[in-house]
Amino acid sequence: MKYAKNILETIGNTPLVQLNKVTAEIPALVLAKVETFNPGNSIKDRMAVKMIADAEADGRLQPGGTIIEGTSGNTGMGLALAAIVKGYKLICVISDKQSKEKMDILRAVGAEVVVCPTDVEPEDPRSYYSVSKRLAEETPNAWYVNQYDNPSNAQAHYEQTGPEIWEQTEGKITHFISGVGTGGTISGTAKYLKEKNPNIKIWGIDTYGSVFKKYHETGIFDQDQVYSYVTEGIGEDILPKNVDFSLIDGFTKVTDKDAAVYTRRIALEEGIFVGNSAGAAIKGMLQLKAHFSADDVVVVLFHDSGSRYVGKMFNDDWMREQGYLDDHIAVAKDLLQTKAAQPLVFARTEELVSHAIGRMKKFHIAQLPVIDSTGFVGSIDQDTLLKHYLIDKDMADTPLREVMGKPYPIIDEDTPVDQVSPLLEQHAAVLLKTKDGKHNLISKTDLINTIK
């Protein structure tokens, strides 16, 4: 009989799959190393088990202990599987930009999930780096994994991922392309491959808002390059010890939009349902196509499963809100594609200013049409309120009819966009009348959101 003694024995030996459509403009043979076939659906299973095994061997992790790690989700999943099999507790510290699916999956496999803000400095006590370290110090019998600087991370890929790719390509690989986050995957794999053939080129995929590309090219850690970004799993605002820049031949940066768009294209054109970093890797490869010839064998790493991004990259509403869908904007009704449909929010002439302010706060809007029994008779917006407040700071109990401005212009839904723009230069908003007699508000923000 052939069977695994536990789920951890199924990690590794993931397939290489030829890509045909999404990489059609690249002359080389392009093969994807599809790591979603691991039991935790990502490449991080490999290093999670290796880091735990090494910590057990040297006594850092004791029986019944608590594993604590800051993770974007995938490492946490690998640690969770090992923790279940080996009898450990697990606390995962995750940033709030990660998908809800990742957090739900971690909880489903028994991890305690602590969520921290994304847009803070690494040294900030609220960052997931700092919180991870603090919890490890405060928790009895705890072991802080620290995948960024833990050498077992890269070693796992030196022992497993690199040899698998070399054997699967029969040593014919010429280029290896991978997103770079902790650096373990690209560095460990690159070390093995370059030992086998120093001519193999290693390309790292970086994202805008990360420091890797400039640091590799100049040796300068540029704090001005650091800002919040959407792409998950790659890029950093620190320099992890696991990133061995000497093994990486170059980096290319990919925008958040391109990463998201190409993630969807991989699923639609290749039938491979993988995550956000795979989309970034494919777009990065296309940006590097001048480096490839017909005789080359290019291996690109697909880190994780698309199931962790169904509420993001695979959700049309989310993509539209981010401005990542290239919707055709020709007439007024097209402007409403950029936001979720909702009933028109309005105020009445006899309501008080305080009521209008409360409604603006509740619905996160800056303009309100004002109505009476005859229809639309006025408008109120933040600029108008501020102007009156400077005159009368006790205006909260003033009826809206005393402070409201002129009513917003009303247009048909088929009004060309180039006729809407001049109206928005003169008014804070316009009202769109649909064919069924309902009304929607179009603001300057709706027009700005169509800019790609």
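Looking at the range 402-429, which of its residues are β-branched (V, I, T) and in contact (Cβ under 8 Å) with a residue 40 or more places away in the chain? Before you say what the answer is, go through the steps one by one.
Let us first name the residues in the range 402-429 that are β-branched (V, I, T), namely 403, 410-411, 415, 417, 420.
Answer for the range 402-429, where residues must be β-branched (V, I, T) and in contact (Cβ under 8 Å) with a residue 40 or more places away in the chain: V403, I411, T415, V417, V420.
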| Any helices (runs of 4 or more DSSP H) falling wholly within the range 177-278 and containing at least 2 residues that are touching a helix residue (DSSP H, G or I) at 6+ places or on another chain (Cβ under 8 Å) and crowded, with 24+ Cβ neighbours inside 10 Å | 184-196, 256-270
| Failed item, numbered, when S421 is tested on (1) under 37 Å from the mean Cα position of the chain (by Cα); (2) part of a strand (DSSP E or B) | (2)
| message | Residues that are under 12 Å from I52 (Cα atoms) and in a helix (DSSP H, G or I): does the range 86-106 have at least one? | response | yes
| Among the residues of the range 48-60, is any buried (at least 24 other Cβ atoms within 10 Å of the Cβ) and either hydroxyl-bearing (S, T, Y) or not in a helix (DSSP H, G or I) (or both)? | no
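Look through T349, T398, T415, T384 and report the one residue that is of a type in the set (S, T, Y) and under 20 Å from K435 (Cα atoms).
Values: T349 fails: under 20 Å from K435 (Cα atoms); T398 fails: under 20 Å from K435 (Cα atoms); T384 fails: under 20 Å from K435 (Cα atoms).
None of the other options fit; the residue is T415.
Being touching a residue at least 24 places away in the same chain (Cβ under 8 Å) and not aromatic (F, W, Y) narrows it down to one of E112, E35, so name that one.
Details: E112 fails: touching a residue at least 24 places away in the same chain (Cβ under 8 Å).
Testing whether each residue is touching a residue at least 24 places away in the same chain (Cβ under 8 Å) and not aromatic (F, W, Y) leaves just E35.
Kindly provide the set of residues from the range 399-419 that are touching a strand residue (DSSP E or B) at 6+ places or on another chain (Cβ under 8 Å) and at pLDDT below 85, ordered by number. Spell out how you get there, then give the answer.
Here is the first cut: in the range 399-419, the residues touching a strand residue (DSSP E or B) at 6+ places or on another chain (Cβ under 8 Å) are 399-401, 403-417, 419.
If the condition is that a residue be touching a strand residue (DSSP E or B) at 6+ places or on another chain (Cβ under 8 Å) and at pLDDT below 85, then E413, V417 are the ones that fit.
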| Has the range 18-26 got at least one residue that is among the small types (G, A, S), closer than 27 Å to K312 by Cα and out of contact with any helix residue (DSSP H, G or I) (no Cβ under 6 Å at 6 or more places or on another chain)? | yes
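The values are calculated or read from the model by the stated rules, or taken from the named source; none is laboratory data. Computed from a predicted structure; not experimentally measured. Note: ideal-geometry Cβ built from the backbone for every residue, glycine included; neighbour counts use all protein chains shown.
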